[in-house]
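So the structure is just underneath, and the comments pick up after that.
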Amino acid sequence: MTKEMERRIPLEGCVNFRDLGGYPTADGRTVRWRRLFRSDSPSSLTKADVRTITGSLGIQSVVDLRSSGGTNDGRGLLASSGIGYHQFPFLERRGFLPPTSGKEVAKRLTDMYQWILLNAGTLVAQAFTTLAQPVNQPALFHCSAGKDRTGVLSATILDVLGVGREDIVADFLKTNEVIDAVLARLHTMPGFEKSTREGIMAPKAAIEKYLDVTQSEFGGSEGYMLHHGVQQNAIDGFRASMLSG
């Protein structure tokens, strides 16, 4: 089985479900496989999918980054699976999501990521702390498409772990490999019927600016987490549990 085959987990009800493990760090270690998973909405998971998640993947908890209003399309069968559930709605206070059609996608999403960075830091830190707790691992975190809110949290996590920028950006862009499937799913969700392929692509410029401003304003993702209340021992413990080698 190749590294790429291991990263993307094939499920009937999710199209962007993948492992965050396998990336090398600057100090020569590697992010452990099968500890953290990122995904699009789990609302359409089948019974077989749930068996995979709770069985072979052993996932203990879910961190939902969606808002609690109309953009939340439900928890699906995971709601009755016994898995722990935590919600940190990164964009709820902003009050709206950018359109998923039209032009200037990179600008729209860059603006949204900057809003999260500068206005939802406490929620990002709370989500990070929840995922960092060994009792919650293996864990899944997700939003609707598994691209934007999930993307910035993934970038933050990988940056804290010491993964290189090239790999962080590459992980973010992997959504574009399944963008047609993501679009098909979005079309079934209320409010996303007019989404277009161009309107939902993951733009490299947006995540690069997110990382740039994190560095310039906070000295990197570790500084960002510390600034928003995460304890140093939680970060150190997270690295110890998540890195091998």
All but one of (1) more than 25 Å from residue 118 (Cβ to Cβ); (2) at pLDDT below 95 hold for residue 137; state the number of the condition that does not hold.
(2)
Counting only residues that are under 20 Å from residue 152 (Cα atoms) and without any contact (Cβ under 8 Å) to a residue 60 or more places away in the chain, which one in the range 178-200 is farthest from the chain's Cα centre (by Cα)?
183
Among 114, 87, which is in contact with a strand residue (DSSP E or B) (Cβ under 9 Å, 6 or more places away or on another chain), surrounded by fewer than 19 Cβ atoms within 10 Å (Cβ to Cβ) and among the polar types (S, T, N, Q)?
87
Would you mind telling me which numbered condition in (1) within 15 Å of residue 137 (Cα to Cα); (2) modelled with pLDDT under 85 residue 99 fails?
(1)
Among the residues of the range 182-207, write down those that are surrounded by fewer than 18 Cβ atoms within 10 Å (Cβ to Cβ) and modelled with pLDDT of 95 or more.
204, 205
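Each row is one residue, and each column tells you yes or no for (1) more than 23 Å from residue 136 (Cβ to Cβ); (2) among the small types (Gly, Ala, Ser).
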| residue | (1), (2) |
| --- | --- |
| 186 | yes, no |
| 191 | yes, yes |
| 196 | yes, no |
| 203 | yes, no |
| 222 | no, no |
| 227 | no, no |
| 233 | no, no |
| 240 | no, yes |
Those residues of the range 18-69 which are without any contact (Cβ under 8 Å) to a residue 40 or more places away in the chain, over 24 Å from residue 245 (Cα atoms) and assigned to a loop (DSSP other than H, G, I, E, B) amount to 43, 45, 46, 67, 68, 69
Give the residue, chosen from 172, 218, that is surrounded by fewer than 19 Cβ atoms within 10 Å (Cβ to Cβ) and aromatic (Phe, Trp, Tyr).
218
Restricting the range 70-119 to residues that are of a type in the set (Lys, Arg) and part of a loop (DSSP other than H, G, I, E, B), the residue that is farthest from residue 218 (Cα to Cα)
75
Pull up the range 140-161, narrow it to residues that are polar (S, T, N, Q) and at pLDDT 95 or above, then point me to the one that is nearest to the chain's Cα centre (by Cα).
150
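The values are calculated or read from the model by the stated rules, or taken from the named source; none is laboratory data. Treat the numbers as computed from the prediction; the structure is a model and nothing was measured. Positions of Cβ are backbone-derived with ideal geometry, glycine not excepted, and every protein chain shown enters the neighbour counts.
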